[in-house]
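The values are calculated or read from the model by the stated rules, or taken from the named source; none is laboratory data. Note that this is a predicted model, so its numbers are computed, not measured. Ideal geometry is used to build each Cβ from the backbone, glycine not excepted, and the neighbour counts take in all protein chains shown. Just the protein is used for accessible areas: all its heavy atoms, side chains included, with ligands, DNA and RNA removed. Shrake-Rupley method; radii C 1.70, N 1.55, O 1.52, S 1.80 Å.
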Amino acid sequence: MARRLAFFAGLFLVTAATLMLQLVQTRILSVVAWYHLAFFVISIAMFGLTAGAVWVYLRRDRFTEATLSHDLVYFTSAFGVTSVLSFAVQLTLSPVAEVSILAFLIWAELAVCLSVPFFFAGVVVSLALTRSPYPIGRVYGVDLAGAAVGCLGVLTLLDTVRGPTAVLWVGAIAALAAVLFSHSRIGAAPAAKPPFAAVLRRPLAIVLALAAVAVADDLAGPWGLQPVFIKGKVEPLDKRMFEHWNSFSRVAVFNTDNRGPHMWGSSPKVDPQDWPVEQREMVIDGDAGTTAYRVNDLVGDLQFLKYDVTNLAYFLPEQKRAAVIGVGGGRDLLSARLFGVPDITGVEINPILGRLLTQEPGFADFSGIGEMGGIEIKIDEARSWFARSKEQFDIIQMSLVDTWAATGAGAYSLSENGLYTVEAWRIFLERLAPNGVFTVSRWYSPKRIEETGRMVSLAMAATFDIGAKEPRQHIFLAASGRVANLILSAQPLSPSRVEKLETVASDLGYTVLISPRQEPQVDILRKIVTAESKPELTHYTASQKLDLTPPQDDRPFFFNQLPLRNPLLTISLAAEIDDIGVLSGNLFATATLVILFLVSALLVLATIVIPLRPAMRDVGRRLAWGGTAYFFLIGVGFMMVEVGLLQRMSVFLGHPIYSLSIVLFSIILATGIGSLISDRLPLDSGGKLVGWALLVGGFLLALPFWLPSVLLAFGGATLITRAALCVLIITPAGLLMGFGFPTGMRLISAVDRKPTPWFWGINGAAGVLAASLAVTLSIALGISTTYLVGALCYLLLIPAALTIGFHAGRVKKLLPSIRSDEVSGGEEALGAAVKP
């Protein structure tokens, strides 16, 4: 009994560590590079796991139950050690946002660093599932349980320690699994010692060493392990005063030598240097910056805020209640108080920023916000908080949330964002008091008006949706320097309020771009605000060189304006890459997507497809084509659905890390259970398989019709409620899709067992490559399109399966035995992978 428990406990920790490492890496890559690279980690993790299983298959004569415990100890220790060593190399790399041979090589090196520990994890899981003496159902159940717990446990780990320290602890957890495997005592030591056996067969020493390093790194804080390059730059460590990580950000605070205040869009009629002020730069994930000012005398120290275009709306009279979305360094909170607003609510998703402003010694007293009466900071996701709240405000301010610098660097270009969609702005408009205004500031360039144009397009669509007959009467837009400020009202702006805004803009030297009393001078803006209906608005904005259509929750990519649905036009825009702002960021991010796809394709070809090609010798054409099509389709179909759900739930839950944890937890558990149910309810006839494929396809085809309304209805629920709803939504799809892989294996094995490794290799390769394709598809055509493509893939399984042929009697006989090398690399066998 003790030996069995040791085996199961070791497997549980291995699969938990595998998923934890994957999610920790998404957090670290968000700091080092860009947010949308979560899909790259998923893809590379899947690649490493599949490559590990392929390696076991190719050496199937070497690995037997006779040496199982020793092999598990060795490769589990290797998993733990390489998690740390590969990460150490990774810290020295600087992923670059450019199209060059050097960029390709750097991304290829990063992919190898990421994949090495997952390779060893794949070896361990494959050995545990195919060589252990225990019932595969129990082994698989423990495998799934560990993976699911890892998806949720990583949130606690990242909220407790820094990102780099979290990798060290994951390595220690993996090494602890090796200690447990050493007590399972299945078989004897192999005759030949593998490389580094003297080290890797001492897992207890590895655990103690990695735990000691992790504790030391945590105590070192900001001076512990750090990426050398963050967004392609080296941080000035001599000026860094503070650094802290949590599950969805890394916040660093720096002293600045600039005595003139940082302003977004200062009036040309003043010189900011006339107001020297001590300030600190607060940087989120290496690129999104915000500024904190020292306040001794609010009125005397911060007069310059009255000369920033982002605060234009505060000149309107009767401002008694204000809400700020994204408090950052507290600048907008101080602006509201400077203009005399007595009741101010800040809604900030990041608890680190809230703590810095109100509790952190040496920082809270810097701006003094925590000591000012009438200011309350809510730690919550803004869209959900406003949907849940019944409060009304005279002004809601959202100033450069996701700053222009990050946008220009491509940091958010391919990332979904739930604050810049028509559905979100409808919620904000509903929380305005009579005559209240929603004011949004974004990046502006007279030579590149498109981001401003998209913001206006979004405002028009949201106003149409609340029933406005003339939306242009609700909009005022002014610009200064590199920032444009939009003022939007749920009611038509009164003549007196428009006159006030125009007068202040004239006095401060702002450029009025849109006013209810003036015809816009910029052609694009004029045609947007003169649209007489939402369909007319959509038609015009979709016909432009860049994508100016109002983002919806189904296509929430406000920061990506490349027309990816028109590849030739996208390529032609590369000629304008020397321009600043959103276009260059979009082009760099998209080029990186292409590079990553090519890197993944080469790795898959070299380590999966070519090594497994011999398995197809002397296989009939019907089996070869039908089987390849079947497993390719379930690989692509599953990944389309998974990526689509990840993106859609990111908007619903408020942050990608929540989406990754909850969606992967749900899909791993549900598809694993579906795979196990398929043993009891096998699809052993053509009719059953056709019925199953129609059920899966029908469910996925129906998603775009009912899912948006359900998510919108629960948008104001608590995070726990929204997470539970995600699990309920994903579970039926997971259960149904879980039948696909084991059913295919039974169909193949009933004809010829020999080529099964080729087919699960094709399945893994398809999943690896489909991840980047799914991201591109959702950006170009909408997230719901990924569901539709996934549904099509599952429906096409019908002709693929019929091509293979059904041998009902042989399939039933195979049910008890489909537990060995035939599924050793299948991703339903790799419960720690991201899909079965």
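Would you please state which residues of the stretch 315-347 a label at residue 269 would reach in this model, taking the label point 7 Å out along Cα→Cβ and a backbone N cut-off of under 19 Å?
Only 315-317, 339 pass the distance filter.
List the trypsin sites (Lys or Arg not before Pro) within the stretch 1-61 that DSSP assigns to loop and that have no more than 13 neighbouring Cβ atoms inside 10 Å.
Numbers: sites: 3, 4, 27, 59, 60; in loops: 59, 60.
Here the trypsin sites (Lys or Arg not before Pro) that fit, given the DSSP loop and packing criteria, are 59.
Using alpha carbons only, how many angstrom separate the centre of the stretch 153-232 from the centre of the stretch 482-497?
56 Å
Hey, which lysines would be in cross-link range of residue 378, C-alpha to C-alpha under 29 Å, not counting anything within fewer than 8 residues on its own chain?
306, 320, 390
Can you say what percent of the DSSP beta bridges in the chain, counting only those with both residues inside, are antiparallel? Round to 5.
On the way: 37 of 56 bridges.
Just about 65 percent of them are antiparallel.
Label-point separation (nm) for residue 278 and residue 209, each offset 7 Å from Cα along Cα-to-Cβ?
4.6 nm
Hey, what did the stretch 289-395 get for relative contact order, percent, Cα under 8 Å, at least 6 apart? Don't skip to the end; give the middle numbers.
Working: 163 pairs, mean separation 32.7, N = 107.
The value is 31 percent.
Find, among the trypsin sites (Lys or Arg not before Pro) in the stretch 203-264, those assigned to loop by DSSP (not H, G, I, E, B) with at most 15 other beta-carbon atoms within 10 angstrom. Kindly include the intermediate steps, with their values, before the conclusion.
Details: sites: 231, 233, 239, 240, 250, 259; in loops: 231, 259.
Answer in residue order: 259.
Any idea what angle helix 582-604 forms with the longest principal axis of the chain, computed on alpha-carbon atoms, 0 to 90 degrees, nearest 10?
Between helix and principal axis, roughly 0 degrees.
Could you tell me which residue out of 21, 199, 366 lies farthest along the dipole of the chain toward its positive end? Charges go on the beta carbon: Lys and Arg +1, Asp and Glu -1, centred on the Cα centre.
Checking the options against the dipole of the chain, the answer is 199.
Taking the stretch 122-193, which trypsin sites (Lys or Arg not before Pro) meet the DSSP loop condition and have no more than 12 other C-beta atoms within 10 Å?
Values: sites: 131, 138, 162, 185; in loops: 162, 185.
Answer by residue number: there is no such site.
Taking 0.36 nm per intervening residue step and subtracting the Cα-Cα distance, what contour gain separates residue 465 from residue 616 on full extension? Let's see the in-between values first.
Numbers: separation 151, 0.36 × 151 = 54.36 nm, distance 5.71 nm.
Going from the current span to full extension adds 48.6 nm.
Take the solvent-accessible surface of the protein heavy atoms, probe 1.4 Å, and return the percent of it on the chain that carbon and sulfur atoms account for. Please list the in-between numbers first.
Values: 17930 of 28670 Å².
Carbon and sulfur atoms account for 63 percent of the accessible area of the chain.
What value does the stretch 153-290 have for Rg/Rh, both radii from Cα atoms and Rh as Kirkwood defines it? Present the calculation step by step, with values, prior to reporting the outcome.
Details: Rg = 23.0 Å, Rh = 18.8 Å.
In the stretch 153-290, Rg relative to Rh is 1.23.
To the nearest 20 Debye, how big is the dipole of the chain about its Cα centre, given +1 on the beta carbon of each Lys and Arg and -1 on that of each Asp and Glu? Intermediate values should be presented prior to the final figure.
Working: 66 positive and 64 negative charges, 627 e Å.
The calculated dipole for the chain is roughly 3020 debye.
Using Cα-Cα distances under 8 Å and only pairs 6 or more residues apart, what relative contact order does the stretch 119-220 have, in percent? Write out the running numbers ahead of the final one.
Numbers: 39 pairs, mean separation 31.8, N = 102.
In percent, rounded to a whole number, it is 31.
As a test of the formula, what do you get for the chain when each DSSP H run with n ≥ 4 contributes -39,500 (n - 2.57) and the sum is divided by the residue count, at 222 nm and rounded to the nearest 500 deg cm²/dmol?
Details: 30 runs with 464 residues, N = 836.
Computed ellipticity for the chain at 222 nm equals -18500 deg cm²/dmol.
Between residue 781 and residue 727, what is the label-point separation in nm under the 7 Å Cα-to-beta-carbon projection?
A separation of 3.4 nm, rounded to one decimal place.
Need the C-alpha centroid separation for the stretch 741-787 versus the stretch 536-565, integer Å.
30 Å
When the chain is fully extended, how far beyond the present Cα-Cα distance does residue 160 get from residue 710, taking 0.36 nm per residue of separation? Intermediate values should be presented prior to the final figure.
Values: separation 550, 0.36 × 550 = 198.00 nm, distance 3.34 nm.
That pair, residue 160 and residue 710, stretches by 194.7 nm at full extension.
Evaluate E = 1/(1 + (r/R0)^6) for residue 435 and residue 220, where r is the Cβ-Cβ distance and R0 equals 45 Å; express this FRET efficiency to the nearest 0.05.
According to the calculation, E is roughly 0.25.
On each of the three principal axes of the Cα atoms of the chain, give max minus min coordinate, whole Å, ordered largest first.
Ordered largest first, the chain gives principal extents of 85, 57, 48 Å.
If the cut-off is 26 Å between C-alpha atoms, which lysines fall inside it for residue 688, apart from same-chain ones fewer than 8 positions away?
754, 812, 813, 835
Starting from 0 in steps of 10 Å, tell me what percent of the Cα-Cα pairs of the stretch 100-163 lands in each bin.
For the stretch 100-163, the pair-distance distribution reads 17, 28, 31, 18, 4, 0.
What translational diffusion coefficient, in µm²/s and rounded to a whole number, does the Stokes-Einstein relation yield for the stretch 350-402 at 25 °C and a viscosity of 0.890 mPa s, taking the hydrodynamic radius as the Kirkwood radius over Cα pairs?
Working: Rh = 12.8 Å.
Rounded, D is 191 µm²/s.
Explain nothing, just the number: relative contact order of the chain, from Cα pairs under 8 Å at least 6 residues apart, as a whole percent. Numbers along the way, then the final one.
Values: 1650 pairs, mean separation 130.2, N = 836.
For the chain, the relative contact order is 16 percent.
Under the rule that an exposed site lies in a DSSP loop and has at most 16 other Cβ atoms within 10 Å, name the longest stretch of the chain with no GluC sites (Glu not before Pro) of that kind, not counting the sites themselves.
On the way: sites that count: 98, 278, 318, 391, 532.
The longest uninterrupted stretch comes out as 533-836.
By how many nm would the segment from residue 507 to residue 695 lengthen if fully extended, with 0.36 nm per residue of separation less the alpha-carbon distance? Spell out each step's value before the answer.
Values: separation 188, 0.36 × 188 = 67.68 nm, distance 6.50 nm.
Between residue 507 and residue 695, full extension yields an extra 61.2 nm.
Under a plain spin-label model, where a point goes 7 Å from the Cα along Cα-to-Cβ, how far apart in nm are residue 388 and residue 198?
In this crude spin-label approximation the distance works out to 5.8 nm.
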